[in-house]
Amino acid sequence: MAGWFDLKRAKDGQFFFTLVAGNGEIVGKSEMYKAKASAKNGIESVKKNSAERGRFKDPWEGNGGKWYFSLKARNGEVILASQGYSSESSAEDGIGAVQRAADGAATKDISG
């Protein structure tokens, strides 16, 4: 089931997006963008790059024992960072969730 992107505005006026899986869980968050158009370009980049497993950085263990992954664009920049997962296998499952959610995902502009 496809998910969706929530395009939001931060308190400082910058824009970011989250990728929400079909079950309503947030599976990734973008960096901050000064312009809404740049955030929209980031969404398109996630849609395109998430189809390739090789664009994901393999899960790694971070502080506090949580596991993370990220998605990189062709230029090497991180375009989506994961939430923390309880295990490496859960983070690997999260990569699959991003791939499924991004495929055909609509964007909900809730930036106000």
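Assorted remarks:
- Of all residues in segment 17-44, those that are farther than 12 Å from Thr107 by Cα and in contact with a strand residue (DSSP E or B) (Cβ under 6 Å, 6 or more places away or on another chain) total 9.
- Entry remark, segment 95-112: residues being closer than 28 Å to Ala37 by Cβ, outside any strand (DSSP E or B) and either touching a strand residue (DSSP E or B) at 6+ places or on another chain (Cβ under 7 Å) or without any contact (Cβ under 8 Å) to a residue 60 or more places away in the chain (or both) number 10 in total.
- Phe16 vs. criteria among the hydrophobic types (A, V, I, L, M, F, W, C) and either in a loop (DSSP other than H, G, I, E, B) or surrounded by fewer than 18 Cβ atoms within 10 Å (Cβ to Cβ) (or both): yes
- Residue selected from segment 19-39 under the condition among the hydrophobic types (A, V, I, L, M, F, W, C) and surrounded by 16 or more Cβ atoms within 10 Å (Cβ to Cβ), by the criterion farthest from Ile95 (Cα to Cα): Ala39
- Inside segment 9-37, residues that are basic (Lys, Arg) and closer than 16 Å to Phe69 by Cα make up a count of 1.
- The residues listed here are Ile43, Ile79; of these, the one that is assigned to a helix (DSSP H, G or I), in contact (Cβ under 8 Å) with a residue 24 or more places away in the chain and either loosely packed, with under 12 Cβ neighbours inside 10 Å or under 12 Å from the mean Cα position of the chain (by Cα) (or both) is Ile43.
- Cβ-Cβ under 8 Å pairs, at least 6 apart or on other chains, segment 60-71 side touching a residue at least 24 places away in the same chain (Cβ under 8 Å) and part of a strand (DSSP E or B), far side surrounded by fewer than 17 Cβ atoms within 10 Å (Cβ to Cβ) and among the basic types (Lys, Arg): Phe69/Lys57; Leu71/Lys57
- Test for Arg55: is it among the basic types (Lys, Arg) and at pLDDT 95 or above: yes
The values are calculated or read from the model by the stated rules, or taken from the named source; none is laboratory data. Note that the coordinates shown come from a computational prediction; the quantities given were computed from them, not determined experimentally. Backbone-built Cβ (ideal geometry, glycine too); neighbour counts: all protein chains shown.
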